[in-house]
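**Student:** So that we are looking at the same thing, I have put the structure below in structure tokens.
The values are calculated or read from the model by the stated rules, or taken from the named source; none is laboratory data. It should be emphasised that the depicted structure is a prediction, and the values quoted were computed from it without experimental measurement. All Cβ positions, glycine included, derive from the backbone under ideal geometry; neighbour counts span all protein chains shown. We work out accessible area using only protein heavy atoms, side chains counted, and drop any ligands, DNA or RNA first. Shrake-Rupley method; radii C 1.70, N 1.55, O 1.52, S 1.80 Å.
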Amino acid sequence: DGGITQSPKYLFRKEGQNVTLSCEQNLNHDAMYWYRQDPGQGLRLIYYSQIVNDFQKGDIAEGYSVSREKKESFPLTVTSAQKNPTAFYLCASSPEGIQPQHFGDGTRLSIL
Amino acid sequence: SQKIEQNSEALNIQEGKTATLTCNYTNYSPAYLQWYRQDPGRGPVFLLLIRENEKEKRKERLKVTFDTTLKQSLFHITASQPADSATYLCASNPRGSTLGRLYFGRGTQLTVWP
């Protein structure tokens, strides 16, 4: 079945560590997105990519980095510069144009 | 600044009634609006998309309207069921912004009781 796979489901980070969240899609979608969701808040866009080897900052990119070396993969690194990383992280993909986004089931990141 | 708002954080209705959720936007014109359903601990699932030149879209028990005068979209679930209980998110793409880039509201948590 086609879809988006995020791993791991739960992730713990020690202070000062970088961690990388995985996102893989087999939908052959051009665009991929990373969102952060906090309790009582809507989804906020961290980074997005419309094509391989290109990506743009969203509204809250500080303390995060991404890469898009392959069409099907869009990993997100939460760096030590992100002072409040505890959140639910969602990855999505979509075809080009006015299309719905397909979401993974998220990674919940916590600080030890 | 551009805003998309879902004014009700929670909505509780009885099974069989129609649930109506509201999404308002200010200081911009959406090219289109989308509605998603999100269950606890899961990613959102797409439900309906409506473009700026459309007044209404339907899918089974779901209906969405788009009123550019009121700057509002309404999402209706008719003959609601307990299984419809979830958080519903609206999202929009402002006209002139990168196509595909969405801004999400905070969501409305719907509870349908028997």
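**Student:** For the interface of A with B, what's the total buried accessible surface in square angstrom, probe 1.4 angstrom, rounded to the nearest hundred? Each step should come with its number before you reach the end.
**Tutor:** Details: alone 6330 and 6610 Å², together 11090 Å².
Approximately 1800 Å² gets buried when A meets B.
**Student:** Run the numbers on chain B and let me know its relative contact order in percent, using alpha-carbon pairs under 8 Å that are six or more apart.
**Tutor:** On the way: 281 pairs, mean separation 40.6, N = 114.
Normalised by residue count, the contact order of chain B is 36 percent.
**Student:** Distance between the C-alpha centers of segment B:22-36 and segment A:10-55? Whole Å please.
**Tutor:** So the two Cα centres are separated by 23 Å.
**Student:** Over segment A:1-108, what relative contact order in percent results from Cα pairs under 8 Å that are six or more residues apart? Display every interim value, and only then the final one.
**Tutor:** Details: 260 pairs, mean separation 36.2, N = 108.
Reported as a whole number, the value is 34 percent.
**Student:** Among rounded, prolate and oblate, which fits chain A when a ≥ b ≥ c are the square roots of the eigenvalues of its C-alpha gyration tensor, a/c under 1.5 means rounded, and a/b larger than b/c means prolate? Present the calculation step by step, with values, prior to reporting the outcome.
**Tutor:** On the way: a/c = 1.67, a/b = 1.60, b/c = 1.05.
Here chain A falls in the prolate category.
**Student:** Quantify how strongly other chains surround peptide A:42-52 by giving the mean number of their Cβ atoms within 10 Å of each of its Cβ atoms. Working shown, then result.
**Tutor:** Details: counts 11, 12, 2, 4, 0, 0, 4, 0, 4, 0, 0.
That average works out to 3.
**Student:** May I ask which of A:Lys57/B:Lys3; B:Lys17/B:Lys55; B:Lys3/B:Lys63; A:Lys9/B:Lys3 have a Cα-Cα span longer than 21 Å here?
**Tutor:** Working: A:Lys57/B:Lys3 19 Å; B:Lys17/B:Lys55 23 Å; B:Lys3/B:Lys63 23 Å; A:Lys9/B:Lys3 31 Å.
Long pairs (Cα-Cα over 21 Å): B:Lys17/B:Lys55; B:Lys3/B:Lys63; A:Lys9/B:Lys3.
**Student:** Same structure again: Over the whole of A:88-99, what's the average partner chain Cβ count within 10 Å per residue? Rounded to a whole number, please.
**Tutor:** Numbers: counts 2, 0, 4, 1, 5, 0, 4, 1, 2, 2, 8, 6.
Partner-chain Cβ atoms within 10 Å, mean over residues of A:88-99: 3.
**Student:** Send over the per residue convex hull volume for segment B:1-92, Cα only, as a whole number of Å³. Before the final figure, lay out each step's value.
**Tutor:** Details: hull volume 9.3 nm³, N = 92.
Hull volume over Cα atoms, normalised by residue count, gives 101 Å³.
**Student:** Moving to a separate point now. For the protein assembly as shown, just list the percent of Cα-Cα distances falling in each 5 Å bin from zero outward, please.
**Tutor:** Per 5 Å bin, starting at 0, the Cα pair percentages come out as 1, 7, 15, 18, 19, 16, 12, 8, 3, 1, 0.
**Student:** Does any residue of segment B:67-114 lose at least 20 Å² of accessible area with all protein chains in place compared with its chain alone, and if so which ones (probe 1.4 Å)?
**Tutor:** Buried on complex formation: B:Thr98, B:Leu99, B:Gly100, B:Arg101, B:Leu102, B:Phe104, B:Arg106.
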